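Enquirer: Below is a structure I'd like to ask you about.
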Amino acid sequence: MAEHWEIEPSGPLQGDVELAGSKNAVTKLMVASLLGTGPSRIRNAPRVGDVDITASMLRSLGAGVEVVGDDVVVDPEGLRESQVPASYTGMNRVPALLIGPLLHRVGEAVVPLAGGDRIGMRPLDFHLDALRSLGAEVSLTETGIEAKTAGLHGARIRLPFPSVGATESVLLSASVAEGRTVLENAAVEPEVVELALFLQRMGAGVELKPDRRFVVEGVPELGRACQRLGGDRIEAFSYLVAGLATGGRVRVVGCNQDRLVTAISTLHRMGARFTITDSSIEASATELRPAAVHTEPHPGFMTDWQPPLVLLFTQVDGMSILHETVFEDRLGYVDALRHMGGQVELYDQCLTGHECRFFESNWRHSVVVRGRTPLVAAELTMPDIRAGFAYVLAAATGQGRSVVHGVGLLERGYDRVLEKFTNLGLQITPG
Ligand code: UD1
């Protein structure tokens, strides 16, 4: 696996991108499979590092995991271990999600601290409070989380913020708890709904009510399931922007339009033209306008879409604003864009006028971009998966050969990313 890419701007990026299944759903379905009797199959799985990390974590617990082409098959039969090895500390968000399934299968769980992209503090208090409400005894240690239970039971839980991970934790735990759980202010991201549908296929009593409310009737046992993952909406948006930022035209194939409604409407407001069919979405533009956008839980503009959008702002005439309201510290990557000649300023105010949780805090969570500025070549290190993609686009629109380090991060979250960029015409030399 390469450590860095040398990137030569190669003009407009053009062509088709076959999207993989969603990275943010696949690992959650792998965890859900542990609740069943018999092997479950997840189809259309992306080839991303996160699947390999999760597969090896589940194997360390005794479960069987096989990757067969684009399918991941998880057999929970041999699961006996309650402890996820410390070597998985900080690798991804999965250890926290394993607590409920481990409590169900072996009555206790010892998991290392979760990691994932460094885009804010990412505490686990909502997860832990919810697990306590469901009847787990949970303690936070220096190295991770320990939990045990004499049996999980239903509860009424209200999340302080519609957290994706905490909603998934509750769905996984409540499906096999005794009695009814009502979860209010839940996340309803497409990937969360995908997990709920998978659990329903396994035999869980899950219902999604209006007003961000899940009602789960616990059942003693779940069976197996087979489900095809929906297309990755973050991958889709990233490549659509790759076309627009380089003056090209990219068609993404394999992600339903309903997962991208806000992404499409935002780019449409900026002047992009779309051709949308039942299986593909194509974007192009002759001239783009600036925009003011704030990130939000679904169905709002997704936080993972903002790094490519901010890069696009640098290539649009006029002043644009991005206000990040989901993660407090997700804009540090813009320093690199400034270093490349972008006119980019960070502010601690809520600049789109929408007061968010970080109002009057010190977090610099709004960015003003004055475009259009040519970007010059630079040597960069990727800070997280989505900002990493934006750096590749910055190099693709820039003048001269850039070097981007830490591409392993990109491969953790984007399916066959080198091949896909190369097919669009970007000259990359891995090193
Ligand atoms: C998931 C996605 C990530 C996406 C994010 C929001 C995966 C692997 N990652 O991350 O790509 O950007 O949803 O759509 O699916 N929070 C707390 N306490 C908690 C839990 C969350 O304060 O116990 C806060 C977080 O710090 C953050 C906000 O809630 O400010 C949203 O986080 P959350 O939705 O939980 O994100 P993840 O599930 O970690």
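The values are calculated or read from the model by the stated rules, or taken from the named source; none is laboratory data. The structure displayed is predicted, hence computed values, not measured ones. Cβ coordinates were reconstructed from backbone atoms using ideal geometry, including for glycine residues, and neighbour counts include every protein chain displayed. When the accessible area is computed, the model is the full protein with side chains, heavy atoms only, and any ligands, DNA or RNA have been set aside. Shrake-Rupley method; radii C 1.70, N 1.55, O 1.52, S 1.80 Å.
Enquirer: Might you check whether a residue that is under 26 Å from Gly154 (Cα atoms), within 21 Å of the chain's Cα centre (by Cα) and part of a loop (DSSP other than H, G, I, E, B) occurs anywhere in segment 101-120?
Expert: Yes, the conditions are met somewhere in segment 101-120.
Enquirer: Here is a further query. It is to be established whether one or more residues within segment 154-166 are touching a residue at least 40 places away in the same chain (Cβ under 8 Å), small (Gly, Ala, Ser) and within 10 Å of the ligand (Cβ to nearest atom).
Expert: yes
Enquirer: Can you tell me which residue among Thr429, Thr352, Thr422 is more than 29 Å from Glu287 (Cβ to Cβ) and away from the ligand (no atom under 16 Å from the Cβ)?
Expert: Every option except Thr429 fails the conditions.
Enquirer: For Gly135, all conditions in the list (1) more than 26 Å from Gln227 (Cα to Cα); (2) within 12 Å of the ligand (Cβ to nearest atom) hold save one; what is the number of the exception?
Expert: Condition (2) is where Gly135 drops out.
Residue-by-condition table, conditions (1) more than 28 Å from Asp415 (Cα to Cα); (2) within 12 Å of the ligand (Cβ to nearest atom):
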{"site": "Glu178", "(1), (2)": "yes, no"}
{"site": "Arg212", "(1), (2)": "yes, no"}
{"site": "Gly230", "(1), (2)": "no, no"}
{"site": "Ile234", "(1), (2)": "no, yes"}
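Enquirer: Report, ordered by the first and then the second residue, all pairs with beta carbons closer than 9 Å, sequence separation of six or more or different chains, a first member in segment 11-22 that is at negative phi, and a second member that is hydroxyl-bearing (Ser, Thr, Tyr) and at pLDDT 95 or above.
Expert: Here the result reads Pro12/Thr246; Leu13/Tyr239; Leu13/Thr246; Gln14/Thr246; Asp16/Ser280; Val17/Tyr239; Leu19/Tyr239; Ala20/Tyr414, each pair linking segment 11-22 to a residue that is hydroxyl-bearing (Ser, Thr, Tyr) and at pLDDT 95 or above.
Enquirer: Examine segment 36-49 for a residue that is open to solvent by 30 Å² or more (accessible area, probe 1.4 Å) and part of a helix (DSSP H, G or I), and state whether such a residue exists.
Expert: No, that holds for no residue.
Enquirer: Here's another thing I want to ask about it. If we scan segment 233-243, do we find a residue that is at pLDDT 95 or above and open to solvent by 30 Å² or more (accessible area, probe 1.4 Å)?
Expert: No: segment 233-243 contains no residue that is at pLDDT 95 or above and open to solvent by 30 Å² or more (accessible area, probe 1.4 Å).
Enquirer: Tell me whether segment 297-314 contains one or more residues that are part of a loop (DSSP other than H, G, I, E, B), crowded, with 19+ Cβ neighbours inside 10 Å and either among the β-branched types (Val, Ile, Thr) or without any contact (Cβ under 8 Å) to a residue 60 or more places away in the chain (or both).
Expert: Yes, segment 297-314 has at least one match.
Enquirer: Restricting the search to segment 157-190, which residues are open to solvent by 40 Å² or more (accessible area, probe 1.4 Å) and either closer than 24 Å to Gly90 by Cβ or under 27 Å from the mean Cα position of the chain (by Cα) (or both)?
Expert: Arg158, Pro160, Val164, Glu184, listed by residue number.
Enquirer: Looking only at segment 321-359, which residues are open to solvent by 40 Å² or more (accessible area, probe 1.4 Å) and either touching a Cys at 6+ places or on another chain (Cβ under 7 Å) or of a type in the set (Asp, Glu) (or both)?
Expert: Residues satisfying the conditions are Asp329, Asp335, Glu345, Asp348, Glu355, Phe359.
Enquirer: If you scan segment 180-198, which residues turn out to be over 24 Å from Arg357 (Cβ atoms), within 16 Å of the ligand (Cβ to nearest atom) and touching a residue at least 40 places away in the same chain (Cβ under 8 Å)?
Expert: The answer is Glu194, Leu195, Phe198.
Enquirer: A further question on this structure: Which residue, of Leu79, Leu124, Leu97, Leu102, is within 14 Å of the ligand (Cβ to nearest atom), open to solvent by less than 30 Å² (accessible area, probe 1.4 Å) and at pLDDT 95 or above?
Expert: Of Leu79, Leu124, Leu97, Leu102, the one residue that is within 14 Å of the ligand (Cβ to nearest atom), open to solvent by less than 30 Å² (accessible area, probe 1.4 Å) and at pLDDT 95 or above is Leu97.
Enquirer: Right, here's the next one. Could you grab me the full set of residues in segment 32-91 that are within 19 Å of the chain's Cα centre (by Cα) and polar (S, T, N, Q)?
Expert: Selection gives Asn44, Thr54, Thr89.
Enquirer: Can I ask one more? Look at Phe274 and say whether it is open to solvent by 10 Å² or more (accessible area, probe 1.4 Å), within 21 Å of Val164 (Cα to Cα), in the same structural domain as Phe358 (by TED's automatic domain parsing) and of a type in the set (Phe, Trp, Tyr).
Expert: no
Enquirer: Follow-up question, since we're still on this one. Which of (1) at pLDDT 95 or above; (2) surrounded by fewer than 23 Cβ atoms within 10 Å (Cβ to Cβ) does Pro383 not meet, given it meets every other one?
Expert: Just one mismatch for Pro383, condition (1).
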